[in-house]
Amino acid sequence: EFTPTEYLELKRVLRDLEYRQRQQPLFAVANAPAAGEYGPDVDVVTLSSEVTIELESATAWREIRKIRERLLTYAGTKDRGEIKFQFNPAWEEVKLRSARVTMADGTVKELRAEELNLMDAPWVGGAPRYPAERILVASLPGIAIGSVIEYECERICHDQPFFSATEYLASLNPIERKTVTLRNPHHVPLVVHEPGARDPRRCDDAELTWAVTTVPPLAAEEQLPPPWLFAPHVTVSAGDWPAYAELVRNTLAAAAANQPAAAAKAVELIAKQPDDSAKVQAIRDFVARYIRVAGPGFNTLPLNAISPADRTLQDGYGNTADRAVLLAAMLHAAGLKPEFLLSGKMPALPEVTAACNGCPIPLFDAVLVGVELAGGQVMLNDTDQYAPLGATTHEEMLA
């Protein structure tokens, strides 16, 4: 705890620290890099990147990536010593087709079976109810400064809410060549937002291709916004926000309906509460205290993995969607009319809205529950029992 005087002093210290962290020493470069070299601050250069996406339907596709990179510094070897691929077998398959390292002297080392490991995501042990997320880890053999690494990875996606892909045409590393090819043999209606275009366009072309060469690196800075707000990129989507919202709402509502155990617990909690505000707070506090936050992110599992409210109550844990379902079921049993809201940690600025409004991407990773009270609507599911009713960490965020 801080006294008011101590708190003002703490704010001053934090302000000074932030100011000093922004200061950078400037050094004259004794030997400026010759033309064609990458400069002193580049650790990795992307020699080639080939991305091919084959669209089977609006909810299923195959993605193949072929990457060649040269490691220029020790930091580059540390960063690329392992390559990792996260996926959930419930709706994805990932295969590392090949991986090799070419040493500076020309020696080629192929990835061996014992250098490839499949691990559980960190959350799996604490939330066994959900389909386990996996991490495929390839430990590249014998990498060193000057090495060239090459790998080819295949990812197959199915049962997704909608197809969406964002490919960046620049990165923090220089790119010598990158191509992105989208094959759409079934002419699925798409929305495409390309670099330099003010608005997205609609198309159902059988094949689309984008290519860049000799792209300098982007400046590395702290606390950057998501790269799709400033880096050149192409976004392609088969999504539709109203259709997606209806699908999610119906799925959540079905999981919250006809849940006798959740209803009985709600009736018990509100028995002695004098008004609706007290009832909402009693239910909010119970979920915050006794339903542990655990499990995968909302966008990393198919919607059919959402649990009924009674199951979440019985197990005592849940991710953002399952906790929202339990809250809604209990509020409904208390005679209130809850509604679901998708949100995320993105400020509702015009630039953000314009970037994703016409071209849907998996942006919302939090499920909130709104309920009308005498003083207006309050949001639940993103605060604990110590927060005043009505406070939300998603204030002024996109939803």
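The values are calculated or read from the model by the stated rules, or taken from the named source; none is laboratory data. These figures come from a predicted structure and were not determined experimentally. Positions of Cβ are backbone-derived with ideal geometry, glycine not excepted, and every protein chain shown enters the neighbour counts. The protein model used for the area step is the full one, side chains on, heavy atoms only, and it has no ligands, DNA or RNA in it. Shrake-Rupley method; radii C 1.70, N 1.55, O 1.52, S 1.80 Å.
Across the range 122-161, the number of residues qualifying as within 30 Å of Pro189 (Cβ to Cβ) and open to solvent by less than 20 Å² (accessible area, probe 1.4 Å) comes to 3. If only residues of the range 371-399 that are of a type in the set (S, T, N, Q) and in a loop (DSSP other than H, G, I, E, B) are counted, the one that is most open to solvent (accessible area, probe 1.4 Å) is Thr393. Please specify each residue of the range 58-87 satisfying the condition of being under 16 Å from Ile135 (Cβ atoms) and out of contact with any Ser or Thr (no Cβ under 6 Å at 6 or more places or on another chain). Once the filter is applied, which keeps residues that are under 16 Å from Ile135 (Cβ atoms) and out of contact with any Ser or Thr (no Cβ under 6 Å at 6 or more places or on another chain), the range 58-87 yields Gly81, Ile83, Lys84, Phe85, Gln86, Phe87. Taking the stated definitions as given, is Ala132 within 30 Å of Ser57 (Cβ to Cβ), in a loop (DSSP other than H, G, I, E, B) and not basic (Lys, Arg)? Criteria met by Ala132.
For the range 108-121, indicate whether the set of residues that are open to solvent by 20 Å² or more (accessible area, probe 1.4 Å), among the β-branched types (Val, Ile, Thr), in contact (Cβ under 8 Å) with a residue 12 or more places away in the chain and closer than 30 Å to Val44 by Cα is non-empty.
Filtering the range 108-121 for residues open to solvent by 20 Å² or more (accessible area, probe 1.4 Å) gives 108-120.
Right, trim to among the β-branched types (Val, Ile, Thr) and you get 108.
With the extra rule that they be in contact (Cβ under 8 Å) with a residue 12 or more places away in the chain, the set shrinks to none.
Looking through the range 108-121, none of the residues is open to solvent by 20 Å² or more (accessible area, probe 1.4 Å), among the β-branched types (Val, Ile, Thr), in contact (Cβ under 8 Å) with a residue 12 or more places away in the chain and closer than 30 Å to Val44 by Cα.
Tallying residues that are open to solvent by 20 Å² or more (accessible area, probe 1.4 Å) and part of a helix (DSSP H, G or I) within the range 328-364 yields 8.
Taking the range 167-191 as the range and being modelled with pLDDT of 95 or more and polar (S, T, N, Q) as the test, the residues that pass are Thr179, Thr181, Asn184.
Okay, residues lined up against (1) polar (S, T, N, Q); (2) farther than 24 Å from Thr213 by Cβ; (3) modelled with pLDDT of 95 or more; (4) within 24 Å of the chain's Cα centre (by Cα):
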residue	(1), (2), (3), (4)
Pro40	no, no, no, no
Ser57	yes, yes, yes, yes
Trp61	no, yes, yes, yes
Arg65	no, no, yes, yes
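Residues that are in contact with a strand residue (DSSP E or B) (Cβ under 7 Å, 6 or more places away or on another chain) and either outside any helix (DSSP H, G or I) or open to solvent by 30 Å² or more (accessible area, probe 1.4 Å) (or both) within the range 276-322 comprise Asp276, Ser277, Ile291, Arg292, Ala294, Gly295, Ser307, Gly316, Tyr317, Thr320, listed in sequence order. Checking the structure you have, find out if any residue of the range 226-239 is open to solvent by 70 Å² or more (accessible area, probe 1.4 Å) and either part of a strand (DSSP E or B) or at pLDDT below 95 (or both). Yes, the range 226-239 has at least one match. Please tell me if Arg177 is open to solvent by 40 Å² or more (accessible area, probe 1.4 Å) and without any contact (Cβ under 8 Å) to a residue 60 or more places away in the chain. So Arg177 does not fit the description; no. Every listed requirement among (1) exposed (fewer than 14 other Cβ atoms within 10 Å of the Cβ); (2) at positive phi is met by Thr213 save one, (2).
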